[in-house]
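Notes for the one structure printed next.
The values are calculated or read from the model by the stated rules, or taken from the named source; none is laboratory data. Just so we're clear, the structure is a prediction, and the values are computed from it rather than from any experiment. Cβ placement follows ideal geometry from the backbone for every residue including glycine, while neighbour counts extend to all protein chains displayed.
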């Protein structure tokens, strides 16, 4: 197991320092990125379900490195009981691997989750794929694992008690050092 973990860490370190290739579609230095995503869940034969929506803004420091902020809303509905909601505000950092139209990313986030009764910390890894339709518009398939904590020293105790969050969205990048189109 230690060999696998070390190998995975070594591969991730090598990939993180590889220069990002320019692609016909994808982010460039100084790009802004806006994305809206959503998901829905309702188990067959159950009386509960959930809807989630995310709005994300990012800024590309390089074609690979992106810093940003994600605002999420999760609404849980249960028949014959009180529905409840939670919202998350999480700054994030992603590294985008530019492979032409396909731009996978890895990263992490840390922030706060709250509702009308309480607030707590949230953190976790992020991964996904941006599939560019053209130079600036993409379909996003995202996954993140969120675990909760009330104090930083509790983080290690709570990493296996989190939520798996998957979503699909549409995004747009603009600005940056993209060359002007020729007439």
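Of the residues 100, 124, the single one that is at pLDDT 85 or above, at positive phi and loosely packed, with under 13 Cβ neighbours inside 10 Å is 100.
Residues in region 150-180 that are at pLDDT 85 or above and surrounded by 16 or more Cβ atoms within 10 Å (Cβ to Cβ) were compared, and the one that is farthest from the chain's Cα centre (by Cα) is 173. Across region 67-91, the number of residues qualifying as surrounded by fewer than 20 Cβ atoms within 10 Å (Cβ to Cβ) and part of a strand (DSSP E or B) comes to 13. Kindly indicate whether residue 110 is out of contact with any helix residue (DSSP H, G or I) (no Cβ under 7 Å at 6 or more places or on another chain), at pLDDT below 90 and at negative phi. No: the conditions fail for residue 110.
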